[in-house]
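K.L.:
One structure, as structure tokens, below. Some questions next.
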Amino acid sequence: MNLRQREVRVIRSDQMRHRALHDAARLREALALIADLAEGTTSALTLPDIARIARAALVGAEPADPRQQSGAVTH
């Protein structure tokens with residue numbers, strides 16, 4: 001493996017790690033919200049809300065681009 005291939009693999013691995021950490025954080029937030037809903041009521045009327053939150057959490061979301069979070073506007 002040459003140096004360029006190694007660099008590309010390292011960059012890709014870092015991107016995959018960043019994505020996994022982002023997804024884990026989103027899923028933790030969704031589970032906490034579902035737990036709050038489930039503990040707060042015994043009504044079956046909350047089941048559609050819980051299902052909606054679970055579906056939304058499972059849909060992949062791209063992490064925010066750090067270049068756009070700096071607050072600086074580039075033209």
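The values are calculated or read from the model by the stated rules, or taken from the named source; none is laboratory data. None of these values were measured; they are calculated from a predicted model. Counting neighbours? That spans all protein chains shown, and the Cβs are built from the backbone with ideal geometry, glycine included.
K.L.:
Scan segment 39-63 residue by residue and report those that are of a type in the set (Gly, Ala, Ser) and either touching a residue at least 40 places away in the same chain (Cβ under 8 Å) or part of a helix (DSSP H, G or I) (or both).
P.N.:
40, 44, 51, 54, 56, 57
K.L.:
Within segment 17-55, how many residues turn out to be surrounded by 12 or more Cβ atoms within 10 Å (Cβ to Cβ) and of a type in the set (Gly, Ala, Ser)?
P.N.:
Final tally of qualifying residues: 3.
K.L.:
Of the numbered conditions (1) at pLDDT below 85; (2) assigned to a helix (DSSP H, G or I), residue 27 satisfies every one except a single condition; which is it?
P.N.:
Among (1) at pLDDT below 85; (2) assigned to a helix (DSSP H, G or I), residue 27 violates only (1).
K.L.:
Give me the pairs, please: first residue somewhere in segment 12-38 and more than 17 Å from residue 51 (Cβ to Cβ), second residue anywhere and β-branched (Val, Ile, Thr), beta-carbon distance under 6 Å, and either six or more positions apart or on two chains.
P.N.:
Sorted first by the residue in segment 12-38, then by its partner, the list stays empty.
K.L.:
Next up: Right, residue 67: part of a helix (DSSP H, G or I), out of contact with any strand residue (DSSP E or B) (no Cβ under 7 Å at 6 or more places or on another chain), exposed (fewer than 10 other Cβ atoms within 10 Å of the Cβ) and modelled with pLDDT under 85 or not?
P.N.:
Criteria met by residue 67.
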